[in-house]
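Trainee: Before I ask anything, let me first share the structure, which is written out below as structure tokens.
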Amino acid sequence: MTKTFYNQKMRRSWLLWCSLLFLTMRLALADGGPAFDLEGPRIEAKVTRNGKTLPIGSVAALAPGDRVWVHPDIPENAGARYVLVVAFLRGSVNPPPENWFTKAETWNKKIRQEGLYVTVPEGAQQVLLFLAPETGGDFPTLRNAVRGRPGAFVRAAQDLHQASLDRSRLDTYLASVKSVDSGDPKVVEEQTKLLARSLNIKVDQQCFDKPTEQQAPCLVQNPDSLVLDNGRSASVVQQLTGGSAGDMLSQMSYTQQAGGGYYSVYVGTVIDMAKILDSFHTAEYQYLPALAMPRGDTLVLKLNNPPSFHKPQSVLVVGLPAVQAPELPLMHAVNPKDTLCAQTKPLVLPVVGAPYVFATSYAHDFVLRVQNKAGQSVDIPATPDPMQGGFVVSAKALEAQSVAPSVSGTLHGFWGFEPFEGPTFHLASAHPQQWTLATADQHALIVGRKDTVHLDAAADATCVSGVTVKDAEGNTLDATWKAVKPNQIQIEMPLDSEKTGVVTMQVKQTGLEKPDQVSLHTYSEPAKLDSFRLHAGDYQGVLKGTRLDEVATMTVNSVVFSPAAALTHSGSVDSLLLAAPQSASSSFHPDDNVAVKVTLKDGRVLDLASTVQSPRPSVKLMNKSVHSDGPASVVQLGSQDELPAHATLSFFVQAVTPASFPRDQSIEVASNDSGFSKVLHVAEGNIVLQDSKSALVTLDPAKAFGGSAFGPLRFRPVSGEGVAGDWQPLATLVRVPDLKELKCATGAPVCTLVGTNLFLLDQVGTDAQLANAVTVPEGFGETTLNVPRPNGTLYLKLRDDPAVVNTAVLPVTAEAGQSASVVPMALPTGPATAQQAATKPSQPAAPAASQPASPGPAASQAAAPPN
């Protein structure tokens with residue numbers, strides 16, 4: 001009997017649960033209306049902290065010690081009498097003490113006139129308001145229910161407050177979309193997307209594909225299908241789609257009555273609270289959740305079910321902000337590196353990441369703090385506006401301040417009671433500009449085609465609001481423009497039917513009456529193919545002509561070539577590098593006559609005849625050697641690839657293509673960046689043929705390049721017709737200082753290195769690792785340098801090739817005042833410092849008249865080591 005009764009009870013509970021769920025979803029989704037759409041009572045509330053009072057709508061979080069004023073706004077002639085109970089909770093596992101519950105009879109004259117004052121106790125975490133019908137035992141019953149299961153009411157308080165915040169976002173979105181001017185589809189889309197970004201809401205993008213008059217209604221007709229983008233949404237979906245409830249919801253989602261597959265963002269909260277509050281159902285009371293929608297100091301209660309005044313009577317449950325440290329919004333600029341024009345009206349500071357800044361009044365009294373021309377901080381009022389996608393700065397207040405032409409400002413305000421600092425924005429003010437055509441575009445304006453030019457400004461171009469282009473006859477061209485850099489704009493001009501001459505650009509800046517004037521010349525360039533040069537053994541060649549920007553592909557003997565690099569200009573001639581697959585390198589042979597067909601982007605095909613050229617020359621480096629006719633340097637280079645600038649390099653090359661070395665073939669030697677180069681010839685004696693296949697090449701870098709050349713060198717063969725082969729590495733050119741001697745005082749840890757061109761040194765030390773090395777500073781022009789005392793050998797790096805460690809062995813002489821004969825080196829007694837290295841040693845000062853005479857030069861030098 002007991003088991004049967006239990007099963008029947010479980011079936012009734014399940015049926016009741018299904019009915020409640022279905023009713024909840026119908027209420028949430030029917031006719032596109034959101035849940036909690038029934039108007040409930042109103043409650044006024046204010047919070048005072050440290051002498052400052054804020055309306056409840058501006059309080060993001062409560063704190064212990066806050067004094068809360070609560071005033072139920074219930075008409076005096078109301079048919080039902082409500083008892084207001086303020087309950088503080090202190091966590092899921094700690095029942096609140098009985099004195100944390102405060103009762104107020106709303107029909108009491110004093111309560112009706114003055115309201116109720118409560119103080120948030122130490123240790124409280126949540127606050128709930130209860131509106132219960134008067135029954136006599138209402139207060140003890142409610143208090144015992146909360147104290148009996150505090151965790152359930154803690155969860156209900158959290159869910160109620162979060163649902164209220166989400167509803168605020170949704171209400172803000174709906175109200176804003178309905179106010180958009182639906183006559184302009186571009187405005188509808190732009191403002192709706194800004195609104196969705198501000199509030200973190202994902203909207204139905206298909207609405208923008210509808211006719212103009214249907215877009216705004218589409219965006220609001222299914223408000224509960226909108227996705228409030230936050231962490232809770234995902235947990236709600238998981239809860240709704242898991243287990244037996246998920247099976248039922250899956251079936252219900254196929255029916256139009258259940259919302260066509262969309263679920264209200266409140267369904268999860270309703271289900272959670274229904275589970276929790278229904279467990280307190282008694283013969284006397286049932287608990288109904290109420291969303292508290294702040295309107296300044298008034299909480300407008302929204303109900304999802306009509307309250308009952310028959311047994312069981314309905315108790316309204318209202319959640320207030322939690323008692324906790326405020327969670328400041330993670331607000332940041334949309335594009336932190338962008339510069340905004342200060343004259344823009346309205347001036348909007350675009351921000352993202354803080355939907356409650358726009359949906360609630362928690363953020364208040366915001367200003368943009370900037371510095372004026374006098375260096376003083378000034379505050380410009382700023383107001384959050386979700387339709388604009390950020391904070392709107394007061395134009396009048398900004399104009400009233402004398403702000404610098406370029407300035408940065410930071411948002412400051414309050415989040416509830418807490419001061420809040422937001423992101424920083426960069427502002428620029430409009431002023432007349434001198435615009436110049438970019439160097440690469442000096443001859444880019446070619447009539448007969450659409451062309452693109454770039455204009456550079458002397459300062460920031462943020463305030464440019466429009467560009468008008470007129471031809472020589474004053475006709476306005478259909479040009480478009482965009483900013484591509486902070487100080488550069490790009491203009492695309494249709495010159496298809498224009499004549500050569502002058503075009504005038506008027507660059508309009510926000511806040512300036514007169515536009516900046518820029519005059520440019522246009523040039524004519526007929527479509528023409530001049531030549532295509534392809535060498536045997538190569539898979540890429542160069543096409544020359546004009547209007548080569550129109551080339552799409554090229555076919556040579558059924559091999560398809562495509563543009564492989566950007567178009568280059570040399571005077572009025574275009575050059576375009578085209579490449580085929582690398583496997584095509586064996587398809588072409590010397591002197592082959594080939595038919596070239598060039599397909600333009602507009603579909604036209606141009607024919608060109610060409611002949612495959614001889615293979616480009618190539619040689620192989622066999623060996624190389626360095627020798628010098630002058631005195632040997634004390635610096636021993638640490639790499640065989642280093643070439644001293646004062647020496648001569650000889651290297652043998654062997655012919656590869658062609659098989660013999662032609663007498664008119666030359667060798668070009670240059671730096672990697674071609675900053676300096678030298679072409680060596682047989683006729684000039686720089687190249688001596690050993691036989692028909694190999695040649696000795698001699699390079700004197702000092703004569704060829706001068707005294708300022710250094711760095712990696714490369715070489716390539718060049719045929720008599722000027723056809724160059726591929727570059728190959730050759731050596732690294734280094735300039736070597738002239739080190740003369742090393743002066744060391746007896747026992748001194750630092751010696752004086754004497755020489756010329758010491759600025760060519762990078763580091764000098766006493767070991768190969770240069771552990772105690774001194775670094776020669778840039779701009780060092782002295783002839784002496786303090787270095788650590790070596791143990792026979794100095795280790796050094798040259799500034800021209802600091803990757804290689806070189807050595808030097810120098811004669812050591814005594815410092816001035818000691819014996820002039822050469823003395824052996826002593827072991828170092830301490831490391832040298834960079835400061836000592838950069839300081840020229842000082843000469844011993846003459847003794848003052850008041851001091852005794854020095855006992856002798858040697859003793860004086862030993863007693864006073866060099867600086």
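Trainee: Can you send over the solvent-accessible area of Asp478, 1.4 Å probe, protein chains only, in Å² to the nearest 10?
Mentor: Counting only protein heavy atoms, Asp478 exposes about 130 Å² to solvent.
Trainee: Okay, next question. How high is the FRET efficiency between Ser308 and Thr119 when r is their beta carbon distance and R₀ equals 41 Å, given to the nearest 0.05?
Mentor: Step by step, r from the Cβ atoms, then E = 0.75.
Trainee: Something else now. Calculate the FRET efficiency for Ser408 and Lys52 from the Cβ-Cβ distance with a Förster distance of 35 Å, rounded to the nearest 0.05.
Mentor: Result of the calculation: an efficiency of 0.70.
Trainee: Next up: Calculate the length of the line joining the C-alpha centroid of segment 317-370 to that of segment 565-639, in whole Å.
Mentor: Segment 317-370 and segment 565-639 have Cα centres spaced 59 Å from each other.
Trainee: Also, I was wondering about something else. Can you tell me the length gained on complete extension of the stretch Leu174 to Leu330, counting 0.36 nm per residue apart and subtracting the Cα distance?
Mentor: Going from the current span to full extension adds 53.8 nm.
Trainee: State the extension gain, in nm to one decimal, for the chain segment bounded by Thr599 and Asp365, taking 0.36 nm per residue of separation less the distance between their alpha-carbons.
Mentor: 77.8 nm
Trainee: Given a 1.4 angstrom probe, I'd like the percentage of the accessible area of segment 287-403 that is carbon and sulfur, rounded to a whole number.
Mentor: The value for segment 287-403 is 52 percent carbon and sulfur by accessible area.
Trainee: For the ranges 314-325, 46-57, 610-621, 563-574, what's the packing order if you count other beta-carbon atoms within 10 Å of each residue, average per peptide, and put the highest first?
Mentor: Result, highest mean Cβ count within 10 Å first: 314-325, 610-621, 46-57, 563-574.
Trainee: Another one. Per residue, how much accessible surface does segment 649-784 expose to a 1.4 Å probe? Answer in Å², no decimals.
Mentor: Result: 44 Å² of accessible area for each residue.
Trainee: Under 16 Å from a point 7 Å along the Cα-to-Cβ line of Lys450: which residues of segment 532-552 have their amide N that close?
Mentor: 549-552
Trainee: What lysines does Lys52 reach when the alpha-carbon gap must be under 24 Å and sequence neighbours fewer than 8 apart in one chain are set aside?
Mentor: Once the sequence-local lysines are set aside, nothing remains near Lys52.
Trainee: Quick one: accessible area per residue over segment 471-548, 1.4 Å probe, rounded to a whole number of Å²?
Mentor: 55
Trainee: Quantify, in whole percent, the carbon and sulfur part of the accessible surface of segment 70-149 (1.4 Å probe; protein heavy atoms only).
Mentor: Using a 1.4 Å probe with all protein chains present, segment 70-149 comes out at 42 percent carbon and sulfur.
Trainee: Still on this structure, please answer the following. Between Lys373 and Asp73, what is the FRET efficiency for a Förster distance of 56 Å, r being their Cβ-Cβ separation, to the nearest 0.05?
Mentor: It comes out at approximately 0.65.
Trainee: May I pose another question? So which aspartates and glutamates can Lys302 reach, going by Cα to Cα under 20 Å and dropping same-chain residues fewer than 8 places off?
Mentor: Once the sequence-local aspartates and glutamates are set aside, what remains near Lys302 is Asp31, Asp37, Glu39, Glu44, Asp73, Asp159, Asp166, Asp171, Asp224, Asp272, Asp278.
Trainee: How many nm is it between the label spots at Leu477 and Asp37, if each spot is 7 Å from the Cα in line with the beta carbon?
Mentor: Going by the 7 Å Cα→Cβ label model, 5.7 nm.
Trainee: Where in segment 416-445 is the amide nitrogen less than 19 Å from a point lying 7 Å along the Cα-to-Cβ axis of Glu399?
Mentor: 428-432
Trainee: Please compute the per residue accessible area over segment 380-424 with all protein chains in place, 1.4 Å probe, rounded to a whole number of Å².
Mentor: 42
Trainee: To continue, here is another question. Exceeding 25 Å between C-alpha atoms, which entries from my cross-link table qualify? They are Lys743/Lys797; Lys186/Lys601; Lys186/Lys337; Lys46/Lys110.
Mentor: Pairs exceeding 25 Å: Lys186/Lys601; Lys186/Lys337.
Trainee: Would you kindly state how much longer the chain becomes between Asn99 and Gln488 on full extension, computed as 0.36 nm times their sequence separation minus their alpha carbon distance, in nm to one decimal?
Mentor: 133.1 nm
Trainee: May I ask you to list the lysines whose Cα is less than 18 Å away from that of Lys470, ignoring any residue fewer than eight positions away on the same chain?
Mentor: Lys450, Lys482, Lys499, Lys508, Lys514
Trainee: Where in segment 609-646 is the amide nitrogen less than 17 Å from a point lying 7 Å along the Cα-to-Cβ axis of His589?
Mentor: Within reach of a label on His589, which here means backbone N under 17 Å from a point 7 Å along Cα→Cβ, segment 609-646 contributes 611-616.
The values are calculated or read from the model by the stated rules, or taken from the named source; none is laboratory data. It should be emphasised that the depicted structure is a prediction, and the values quoted were computed from it without experimental measurement. Every residue, glycine as well, gets a Cβ built from its backbone with ideal geometry; the counts of neighbours run over all protein chains shown. Just the protein is used for accessible areas: all its heavy atoms, side chains included, with ligands, DNA and RNA removed. Shrake-Rupley method; radii C 1.70, N 1.55, O 1.52, S 1.80 Å.
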